[in-house]
Amino acid sequence: MIEINKLSVELEEKEILHNINLKFHKGKIYGIIGPNGVGKTTFIKTLVGIYKNNKGNILYDGEEVYDNPKVKEKIAYVADENNFFASFKIKDIIKFYKMAYKNFKEERFHNINKIFNVDINKRFYMLSKGTKMRVALMIAFAQCGEYMILDEPTSGLDPILKSKLLKLLKKEVKERDITIIISSHHLNELEKICDDIVIINNGEVSYESSLENMRKTIKKIQVAFDMPVYEEDLKEIDGVFRFSKVGRVFTIITDDYSEKFITEINKFQPLFIEEIDLNLEDIFIYRLEEGNIDEEII
């Protein structure tokens, strides 16, 4: 298990991450999402021990990750940009990793390469962005670590390879009971494989939940009333965090959709209530975007 306690990180005298507290359990896939520039990549690099935290700690099975080779040997990390060993041939990069990681299995690399189809005699700098990502992913799988931490792992991959990668990740968790953490802007992909979602905004964790719980409790509700109802009335209902009104119809976003919520709405004698399920992208937008629902941009 990974435990993150009161984590804060400063870069160039500016605080990037503030007071983050999280736990990542084995046998699960976690999605890290958030707008650009809010600290996701800093979080990932601190999580794998590249950046040193200024406050708090990051513990892998009770041990600090920073400057700890024993812990880092358990971690397979894929960066969002992979430019390591630029002049090396792929087959030489494989040899390096075999020396660096005792659990590295070259056979596994070659088995996955039957899917990714990369010429191992090419030098790394000759590869396209997508092919570099394929190599980095195959190396990560071949490391056979207890933790896979991936930053934008589908970047540059075509739709077919993306689909195959997602299946490989799910299979990896099922067969080896590992922990996978993925930072990505491709929310539709995360929705297919993740157990839990963490939203980071302005350097802090603004929301965390299981995907199953998010689907049950975060809903869009359209409702019209048979009596005068005002915005102030709806603000008093627990769980309402966004709403708009067109004529007599209110559109409400709640993160506490339950019998209690319905009971509170029924007090205003609704003519109808329509429940609309939200996907992860909808939830992300409604949680973070300022202003009313469907507000005009200009």
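The values are calculated or read from the model by the stated rules, or taken from the named source; none is laboratory data. Bear in mind the structure is a predicted one, so any value in this text is a computation, not a measurement. Neighbour counts run over all protein chains shown; Cβ positions are idealised from the backbone, glycine included. Accessible surface areas use protein heavy atoms only, side chains included; no ligands, DNA or RNA. Shrake-Rupley method; radii C 1.70, N 1.55, O 1.52, S 1.80 Å.
Considered as a group, the residues in the stretch 104-162 that are surrounded by 17 or more Cβ atoms within 10 Å (Cβ to Cβ) and among the acidic types (Asp, Glu) include one that is nearest to LYS26 (Cα to Cα), and that residue is GLU146. Residue count for the stretch 63-89 under the criterion of being closer than 17 Å to ILE44 by Cβ and of a type in the set (Gly, Ala, Ser): the result is 2.
Checking the structure you have, find out if any residue of the stretch 281-290 is among the charged types (D, E, K, R), touching a strand residue (DSSP E or B) at 6+ places or on another chain (Cβ under 7 Å) and modelled with pLDDT of 90 or more.
Restricting attention to the stretch 281-290, the residues satisfying the condition of being among the charged types (D, E, K, R) are 281-282, 287, 289-290.
Now restrict to residues that are touching a strand residue (DSSP E or B) at 6+ places or on another chain (Cβ under 7 Å): 287.
Still in the running and modelled with pLDDT of 90 or more: none.
Within the stretch 281-290, none of the residues are among the charged types (D, E, K, R), touching a strand residue (DSSP E or B) at 6+ places or on another chain (Cβ under 7 Å) and modelled with pLDDT of 90 or more.
Just so you know, in the stretch 46-61 the residues that are touching a residue at least 60 places away in the same chain (Cβ under 8 Å) and more than 16 Å from LYS6 (Cβ to Cβ) include one that is most open to solvent (accessible area, probe 1.4 Å), and it is ASP61.
Filtering the stretch 173-188 to residues that are in contact with a strand residue (DSSP E or B) (Cβ under 7 Å, 6 or more places away or on another chain) and either farther than 21 Å from HIS25 by Cα or assigned to a helix (DSSP H, G or I) (or both) leaves VAL173, LEU187.
Need a quick list: strands (runs of 3 or more DSSP E) entirely within the stretch 23-111 having at least 3 residues that are more than 15 Å from the chain's Cα centre (by Cα).
Details: elements: 29-33, 55-60, 75-78.
Filter on the stretch 23-111 gives 55-60.
Within the stretch 192-212, how many residues are open to solvent by 70 Å² or more (accessible area, probe 1.4 Å) and under 30 Å from LEU168 (Cβ atoms)? Steps first, answer last, please.
Within the stretch 192-212, the subset open to solvent by 70 Å² or more (accessible area, probe 1.4 Å) is 192, 202, 204, 208, 212.
Checking which are under 30 Å from LEU168 (Cβ atoms) leaves us with 192, 208, 212.
Count: 3.
Yes/no per residue for (1) in contact (Cβ under 8 Å) with a residue 12 or more places away in the chain; (2) in a loop (DSSP other than H, G, I, E, B); (3) closer than 30 Å to LYS72 by Cα:
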residue: LEU165; (1), (2), (3): yes, no, yes
residue: LYS171; (1), (2), (3): no, no, yes
residue: LEU190; (1), (2), (3): yes, no, yes
residue: VAL198; (1), (2), (3): yes, no, yes
residue: TYR207; (1), (2), (3): yes, no, yes
residue: MET214; (1), (2), (3): yes, no, no
residue: ILE237; (1), (2), (3): yes, yes, no
residue: LYS245; (1), (2), (3): yes, no, no
residue: ILE265; (1), (2), (3): yes, no, no
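All of LYS171, LYS216, LYS220 fail the test of being modelled with pLDDT of 95 or more and surrounded by fewer than 21 Cβ atoms within 10 Å (Cβ to Cβ), apart from LYS171. The condition of being among the aliphatic types (A, V, I, L, M), touching an Asp or Glu at 6+ places or on another chain (Cβ under 9 Å) and without any contact (Cβ under 8 Å) to a residue 40 or more places away in the chain holds for only one of ALA86, ALA100, that being ALA100.
For the stretch 62-78, residues that are open to solvent by less than 20 Å² (accessible area, probe 1.4 Å) and either among the small types (Gly, Ala, Ser) or more than 16 Å from ILE4 (Cβ to Cβ) (or both) total 2. Residues considered: TYR97, TYR66, TYR101, TYR77. Of these, the only one that is in contact with a strand residue (DSSP E or B) (Cβ under 6 Å, 6 or more places away or on another chain) and among the hydroxyl-bearing types (Ser, Thr, Tyr) is TYR77.
Of the listed requirements (1) open to solvent by less than 40 Å² (accessible area, probe 1.4 Å); (2) out of contact with any helix residue (DSSP H, G or I) (no Cβ under 8 Å at 6 or more places or on another chain); (3) within 29 Å of ILE33 (Cβ to Cβ); (4) modelled with pLDDT of 90 or more, ILE253 misses just one: (2).
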